[in-house]
Amino acid sequence: MTVHFIGAGPGAADLITVRGQRLIASSPVCLYAGALVPAELLDMCPDGARLVDTASLNLDEITAELVDAHAKGLDVARLHSGDPSVYSAMAEQMRRLDAAGVPYDVTPGVPAFAAAAATLKRELTVPGLGQTVVLTRTSARATPMPQGEDLSTLGQSRSTMVLHLAVQRIDEVVAELVPNYGPECPVAVVAYASRANEIVLRGTLNDIAGKVHEAGIKRTAVIIVGQVLSATEFIDSHLYSVTRAR
C-alpha cells in the first residue's frame, strides 16, 4: 500500500499528468481539497472509491485517514492543487507518515505559475533581461515568513518575481516592491489560471492594485512582476545560436 501525493495541476482537469491520472484511477481512496481540485478528476477514481474532501480537516484528521487506509492495505491518491513541491503542506504530512511507517511517493503536477505564464504567452526567463525567477508569498494570517525573505529584501535583485497567496494584500505588495522595481515595472495577475473562469489583469506596479480591487480578485491568483512581461527587444538565446558549436 502506498500514499501517492499527486500534483493535480492549476485547475483544468486535462492538465493532470498521465502518471497522475493512472494513479487516481487505481487508488480506492482519494483525499482532495474540494475548493482547489477540479471535480472532473474525481470522475477518474474507481467505482466505490472513498472520497474525502480535506478542506475542513486538520492535519491530525488527514493523517488518520492515510494511516487507516494503510492499515486496510488500500492505496491512496492524495491530490494537491498545482505542484506539491510548492505551498502544498506536503512536508508535514510526509513527516507524519515517516513516523507511522507508511510508504509514499510523489508525482509532480503543473504549477499555477506555469499555467499563468502560459496564459500570458510569456517566458519568465528572457535572455539579457531576466534569468532568475523568485517564487514567494507574503505573510498575514498565514505562516510567518523566515527572516530575510521579505519582499523588500528579495526584490533587491529585480529578478522576475512570482507571488502566490498574496493577492489579498496587493496594496502592501506594491508598496514593498516599488522601491526596487519602480512604479512602471510590468505586472500581471492571473486568477483561476487555466480554468473556464480565468481572469487576467495586466498593468504596472503603479496601477495593478486598483485593477485587482475593481475586478474583486481576493484568492486563487498568481502575481508576476518583472521586465520579462513586456520584453520585445532582447538578444537571442545561445541555445539555438548559429555560432554555437554543435
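The values are calculated or read from the model by the stated rules, or taken from the named source; none is laboratory data. Just so you know, these numbers come straight off a predicted model, no measurement behind them. Cβ placement follows ideal geometry from the backbone for every residue including glycine, while neighbour counts extend to all protein chains displayed.
Laid out as a table, the results:
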| item | result |
| --- | --- |
| Any hit, segment 177-197, residues being acidic (Asp, Glu), modelled with pLDDT of 95 or more, within 14 Å of residue 120 (Cβ to Cβ) and surrounded by fewer than 20 Cβ atoms within 10 Å (Cβ to Cβ) | no |
| Test result for residue 135, over 13 Å from the mean Cα position of the chain (by Cα) and either surrounded by fewer than 21 Cβ atoms within 10 Å (Cβ to Cβ) or not assigned by the TED database to the domain that holds residue 61 (or both) | no |
| Members of segment 206-218 that are in contact (Cβ under 8 Å) with a residue 12 or more places away in the chain and either farther than 20 Å from residue 121 by Cα or in the same structural domain as residue 13 (by the TED database) (or both) | 206, 209, 211, 212, 213, 215, 217, 218 |
| Residue satisfying all of: in segment 144-169; part of a loop (DSSP other than H, G, I, E, B), of a type outside the set (Asp, Glu) and in contact with a strand residue (DSSP E or B) (Cβ under 9 Å, 6 or more places away or on another chain); farthest from residue 36 (Cα to Cα) among these | 158 |
| So residue 91, is it part of a helix (DSSP H, G or I) and either under 30 Å from residue 133 (Cα atoms) or among the hydroxyl-bearing types (Ser, Thr, Tyr) (or both) | yes |
| Segment 58-85, subset within 18 Å of the chain's Cα centre (by Cα) and buried (at least 18 other Cβ atoms within 10 Å of the Cβ), residue farthest from residue 194 (Cα to Cα) | 78 |
